[in-house]
Amino acid sequence: ALVTTVMPAEFCAELAEMWLHPAVLDNATGSAQALILGFSATDTFFVPFSYELVTCRAPIPVRAISHVRLRDTSAADTAVFDVTICDESGAETVSIEGFTMRRVAPGATLTSTGRPRLNELPVDVALREGILPSEGVDALDRIVAAVLGAQVVASSIDLQQWTAFVDAEERSAVSDVADGAEPSGLRFDRPDIASKYSAPQTPIEREIAEMWSGLLGVETVGRDDDFFELGGQSLIAVRLFTRLRRRYNIDLPLATLFEAPTVAQCAAVVAARIGVVDSESVVDDVVADGSVAMSNASAGRAPASLAAAAGQAFRHLVTIQKGGDLLPFYCVHGSGGNVLNFRDLSLAMGRNQPFYGVQASGIDGVLPPLWTIGEMATAYLDEIRALQPRGPYLLGGYSGGGLVAFEMAHQLSAAGQEVALVVLLDTFPPVVAARRVTLLMRLERLRAERMAYVKNVFVRRLKLARRRRDAARLDAIVARHEVVPSELRELNVERAFMAAAAAYVLRPWSGRVVLMRAEKLHYAFQELGASYGWDEVVQGDFELMCVPGDHDTLVLEPNASRLVHLLRDTLDGALPATR
């Protein structure tokens, strides 16, 4: 698109003082939204989200021509543009790479209200709405100069609303570990998502919709709404499945949400698992032993189709995206064992790319976790080769899962099978991961990050205290040979995985490896070099690519699209388009 902007004469002087004049820049960069597939000027609303790189060579001219290009990595809710702003002669003044806009619900407020955003923690709200140092000094001066009472609160947000929010969060946290009523929580208007609202039709659908509403903070949840489109992620999924277990006395793996992401589909899985036909005539009362009392008219087993939905062909392999005729990409879980964080990555790869997540043994709460990397690789390959008997294979692994993918490549090569590519998603070699954090490292980080570091220390200590409490509870459950509840399964798997990773010995491999490294490197590993030492282990073709974000966000949007954009040529060039 070509966009022409003209600064009104009375404001032209501002351009010399503000080279990136906000009013002009907004029009020059954000006026080409019609390029977005499915965009509607009346129904679609995108807002600026981030810039990847801005190069400014001169002020934006009074009359400017802006050349806007939509990247092919853009998705339904995320649009990424590259923009070049020139004067009338064609001389470039400003170049922008990776200008990202995100879709928001029509009519959504963009003002600062002190209200929590979807899935936002109290500490995040406090930092976002906090008082700047200059504002704090000014407030202190005014408080000291005024005749006020013994207690004074200087706040940038509504205190009653803030108190209600914090109280709701506390009630929600308590309800996750103890029986009791569902938390009320603050809820917000239904977001603008692909599915139109359709009311839940059955008793189980209505109960599940209410659970989603409370956990996701969405006022109205329909039977066809997608868990992920409403803002769901792995932490919320853990809380959801805890409540499903408490209500229906069933244990479902988190990966169920890939096969049954809507309220109606999830209700069908629950109905099949507890053995009922979920209809208006069902008067169910789930009792402690898991049996269900029903009216005579509706008593019976679930239809075969529902029973099939509840079952799983594989214990480890999870179909995240069926895709088309490309070779499947198999991506191994991180240390926590679940694969919910791969959804953004699979969508960014395109609907034609088959994408399978590999989840850990023990993530169902029944099977014990595996305690060596070799055992994990063997178990996972049994299922992968049942689906795809012969190579070439495309393997990947996120974080510690990259070690398992690397071992899988070794085992496949030893079996005479071709491994086209191994993708390591910010994976540290085991010796590197055990690196100690020194006092000097901490002091340097404090100097660089200041209050952000203090916040991180505070949050980390709270997590450690919670982890010790959960570990003691987990040990007692395992000792009694009971099913591990959903909120403790990640910890159960993680403990075994960390022990396995620490004991794993890397062996040189002569195949092709790509390390997708996060640009924001953890401070403890900043002296390890760009490749984390993988270039010394891989004896074949090794390639390093840096992806925006940190270790936790590089596989999530908007970073996932950038990751795939970098990786796509390597994937396409590694093998034929069809098997």
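The values are calculated or read from the model by the stated rules, or taken from the named source; none is laboratory data. Predicted model only: the values in this text are computed from it and were never measured. Because the Cβ atoms are built from the backbone with ideal geometry, glycine has one as well, and the counts that use them run over all protein chains shown. To get the accessible areas, we keep the full protein, side chains included, count just its heavy atoms, and leave off ligands, DNA and RNA. Shrake-Rupley method; radii C 1.70, N 1.55, O 1.52, S 1.80 Å.
Using beta carbons and a limit of 8 Å, which pairs, at least six apart or on different chains, have the first residue in segment 13-38 and on the phi > 0 side of the Ramachandran plot and modelled with pLDDT of 90 or more and the second one assigned to a helix (DSSP H, G or I) and crowded, with 16+ Cβ neighbours inside 10 Å? Within 8 Å, no pair qualifies.
Residues in segment 349-375 that are out of contact with any strand residue (DSSP E or B) (no Cβ under 8 Å at 6 or more places or on another chain) and either open to solvent by 30 Å² or more (accessible area, probe 1.4 Å) or not small (Gly, Ala, Ser) (or both): 352, 363, 364, 366, 367, 368, 369, 370, 371, 372, 373, 375.
Per-residue answers, yes or no, for (1) in a helix (DSSP H, G or I); (2) of a type in the set (Phe, Trp, Tyr); (3) within 19 Å of residue 340 (Cα to Cα):
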position	(1), (2), (3)
207	yes, no, no
213	yes, no, no
222	no, no, no
232	no, no, yes
252	no, no, yes
269	yes, no, yes
277	no, no, no
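Test residue 206 against the criterion of being open to solvent by 20 Å² or more (accessible area, probe 1.4 Å) and touching a strand residue (DSSP E or B) at 6+ places or on another chain (Cβ under 7 Å), and give yes or no. It is false that residue 206 is open to solvent by 20 Å² or more (accessible area, probe 1.4 Å) and touching a strand residue (DSSP E or B) at 6+ places or on another chain (Cβ under 7 Å). If you filter segment 147-161 down to residues that are open to solvent by less than 60 Å² (accessible area, probe 1.4 Å) and either modelled with pLDDT under 80 or of a type in the set (Ser, Thr, Tyr) (or both), you find that the one that is farthest from residue 217 (Cα to Cα) is 149.
At least 2 residues being closer than 25 Å to residue 343 by Cβ is the threshold, and among the strands (runs of 3 or more DSSP E) wholly inside segment 3-90 those reaching it are 45-50, 78-86. Among the candidates 167, 141, 179, the residue that is surrounded by 12 or more Cβ atoms within 10 Å (Cβ to Cβ) and either at pLDDT below 85 or not small (Gly, Ala, Ser) (or both) is uniquely 167. Checking each residue in segment 213-246 for being open to solvent by 10 Å² or more (accessible area, probe 1.4 Å) and of a type in the set (Lys, Arg) picks out 223, 239, 245, 246.
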